[in-house]
1. At 7 Å along Cα-to-Cβ for each site, give me the label-to-label distance between HIS111 and ILE55 in nm.
2. Let me spell out the model: positive unit charges on the Cβ of Lys and Arg, negative unit charges on the Cβ of Asp and Glu, origin at the Cα centre of region 96-171. What dipole size does that give, in debye rounded to 20?
3. So how far, in whole Å, is the C-alpha centre of region 41-89 from the one of region 114-145?
4. Cα gyration tensor of region 13-168, axes a ≥ b ≥ c as square roots of the eigenvalues: rounded (a/c below 1.5), prolate (a/b > b/c) or oblate?
5. Using a simple charge model, +1 on the beta-carbon of Lys and Arg, -1 on the beta-carbon of Asp and Glu, nothing else, what dipole does region 13-168 show about its Cα centre, in debye to the nearest 20?
6. At 0.36 nm per residue, minus the direct Cα-Cα distance, what do SER63 and ASP129 gain on full extension? Give it in nm, one decimal, please.
7. What FRET efficiency would be calculated for the residue pair VAL141, ARG98, taking the C-beta separation as r and a Förster radius of 22 Å, to the nearest 0.05?
8. Calculate, in nm to one decimal, what PHE176 and ALA43 gain on full extension: separation in residues at 0.36 nm each, minus their alpha carbon distance.
Amino acid sequence: MRRSRFSIGVAALAVLAPFAAAAQTYATPRTQFPFEITRSDNALDRTISVIEDRIYEVALLFSFADQAERNRVSALLGDGSRFPNGRMGNPGVAIPIRFRISSRTASTSGHLYLEGTALTEGTSAFGADAYVRTIVKTRLVPGTYRIQAWTVRDLPEFAGIGTHLEIGFDPRAKPFR
């Protein structure tokens with residue numbers, strides 16, 4: 001049986017059911033969780049296990065199935081263009097996301113690693129079927145982390161758009177040693 005290059009080797013992220021011992025390992029550098037952003041105070045709470053010391057990105061992923069949906073998502077998200085002074089050229093609809101990353105490794109109660117509210121704008125990446133908006137990039141050392149995210153305001157214009165919270169790293173970058 002032929003395997004893709006991503007299915008061979010050790011995974012960098014293992015996803016755990018919230019606070020459960022059973023784990024499911026993913027062999028790709030990105031893991032996605034469905035995340036409804038149309039209503040305020042929607043929450044996502046997941047536990048991940050990191051086995052490589054790297055810079056990880058927590059981002060919103062917006063998927064589309066055809067050109068009409070792509071045009072709709074693109075119009076809402078804007079683009080990644082910037083003026084020479086750093087200001088966004090076309091920021092699209094701003095999406096505020098509250099987030100918290102806490103380490104579950106240090107103690108049974110865990111400790112806060114990173115917390116904040118990000119006002120996401122524009123796009124940081126796109127592909128044949130999705131656009132990505134970065135929430136935060138941070139270095140995570142091997143261990144278990146609790147990732148939490150909350151929507152801050154109603155965003156009905158995103159109804160019907162498949163949205164996920166994505167956690168991962170650039171596979172071209174080397175881990176820290």
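Nothing in this text is a laboratory measurement; each read-out follows from the coordinates by a stated rule. Just so it is clear, the structure is predicted and the values come from calculations on it, not from any experiment. Positions of Cβ are generated from backbone atoms using ideal geometry, with glycine treated the same way; all protein chains shown enter the neighbour counts.
1. 2.5 nm
2. Dipole magnitude for region 96-171 comes out near 400 debye.
3. About 7 Å separates the Cα centre of region 41-89 from the one of region 114-145.
4. Prolate shape, in that a/c is at least 1.5 and a/b is the bigger ratio.
5. 380 debye
6. 23.2 nm
7. The pair VAL141/ARG98 has a calculated efficiency of 0.40.
8. Additional length available on full extension: 44.7 nm.
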